[in-house]
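We did not get these values from a lab; they are worked out from the coordinates using the rules stated. Note that the structure is a prediction, hence the values are computed from the model and not measured. Every residue, glycine among them, receives a Cβ derived from its backbone with ideal geometry; neighbour counts consider all protein chains shown.
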Amino acid sequence: MSSLRNRVQDAKRIVVKVGSSSLTCPETGRLNFDKLEVLVRQISSLHNAGYDVVLVSSGAVMVGCQYLGIHRKPHSLSKKQACAAVGQARLMMLYQKLFSEYGLNCGQLLLTKYTVKNQKDRFNAKNTFEELLDLGVIPIVNENDTIATDELEIGDNDTLSALVAALIRADLLILLSDIDGLYTDDPTKNPEAEFIDEVLELDQALESLAKGPSSGVGTGGMTTKIHAAKIAGAVGCDMIIANAKDFRIIERLVSGSQEGTFFLSHRKPYCDFDEFMEEL
């Protein structure tokens, strides 16, 4: 095991982000209930082992489309927001049902960019997170797609999860998606692309590697994940990008398994937290 991966075993507060494509059946784009159940069981086990765990879950628009009989992701903002309104309620109903089977409660937090940039709202959101965690509740976070417009939109849940990790001062951020991690080139186009196991420092050369496959379901790509690593790393939170094909990887990653790409944090001691969050 890499000495850097030993740091993961010391993490006590963890943010787990799952993308829309990680929750769906690739053949139909509909919810994969087996994977959803494994995800909840993994998070419940971490909670029972004494970790503070926050789940950032995509999927509201996708679930809304499914239940409204819309077969492809809408292009118009109003239809996306309508699908999100239906889908978020449905998704939370499923999470509540599954977590209750393990004797746990979950709570919903819907955020916008204004929540992060406004000091009072940011303070209130942080207090809500802390209270939920103190009460043993699993916070489930998504962007408030029903009201988010260009000026309020965070835009992707990779960035949102990093902002949440910064807000609650998490030790580890796990981004689960349909990719194994960071490569030296797009592995779907270049068979010579090499996998990058650990990133010790983010620089321009590394950011230029932010290429890779993207599905038609989610909104993020490798560029957003690199951006998330910069946000999380600046406040002292390590990050791992890993493949969500089997959610049991969560337990393995927290145990220090050498899977995915590990990004070492570099906390900026001169960084004023409130100024840092407002500038994002």
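Sites counted here are trypsin sites (Lys or Arg not before Pro) in a DSSP loop (not H, G, I, E or B) having no more than 15 other Cβ atoms within 10 Å; the longest part of the chain that contains none of them is 73-168. Applying 1/(1 + (r/R0)^6) with R0 = 25 Å to the Cβ-Cβ distance of R169 and N32, what FRET efficiency is obtained, to the nearest 0.05? After rounding, the FRET efficiency stands at 0.15. Measuring nothing but how far apart in sequence close Cα pairs (under 8 Å, 6+ apart) lie, relative to its length, the range 5-279 scores a relative contact order of 24 percent. For the range 236-261, the residues whose backbone nitrogen is under 20 Å from a point 7 Å from the Cα of E194, taken along Cα to Cβ, are 241, 258-261.
Taken one residue at a time, the phi angles of the range 193-199 give Karplus couplings (6.51, -1.76, 1.60, θ = phi - 60°) of 4, 9, 6, 9, 6, 9, 10 Hz. Gly and Pro are set to x.
The phi-based Karplus calculation (6.51 cos²θ - 1.76 cosθ + 1.60; θ = phi - 60°) puts the 3J(HN,Hα) values of the range 104-121 at 10, 9, 10, x, 9, 10, 10, 10, 10, 4, 4, 4, 7, 7, 8, 4, 5, 5 Hz, whole numbers, x for Gly and Pro. Available extension along the chain between N243 and E201 is 12.9 nm, counting 0.36 nm per residue and deducting the alpha carbon span. Each helix, a run of at least 4 DSSP H residues, gives -39500 (n - 2.57); summed and divided by the residues of the chain, these come to -12000 deg cm²/dmol at 222 nm. For the residue pairs K73/K117; K113/K230; K17/K245; K35/K73; K73/K120; K79/K230, alpha carbon separations beyond 23 Å are given by K73/K117; K73/K120; K79/K230.
Computed from label points 7 Å out along Cα-Cβ, the spacing between L135 and M93 is 2.2 nm. Once you reduce the range 158-182 and the range 10-83 to the center of their Cα atoms, the two points are 14 Å from each other.
Residues in the range 168-175 carry Karplus couplings, in order, of 9, 6, 6, 8, 8, 10, 10, 9 Hz; the curve used is 6.51 cos²θ - 1.76 cosθ + 1.60 with θ = phi - 60°, and Gly or Pro positions show x. Straight-distance candidates among the lysines for linking to K189, with alpha-carbon spacing under 17 Å and chain neighbours fewer than 8 residues away dropped: K211.
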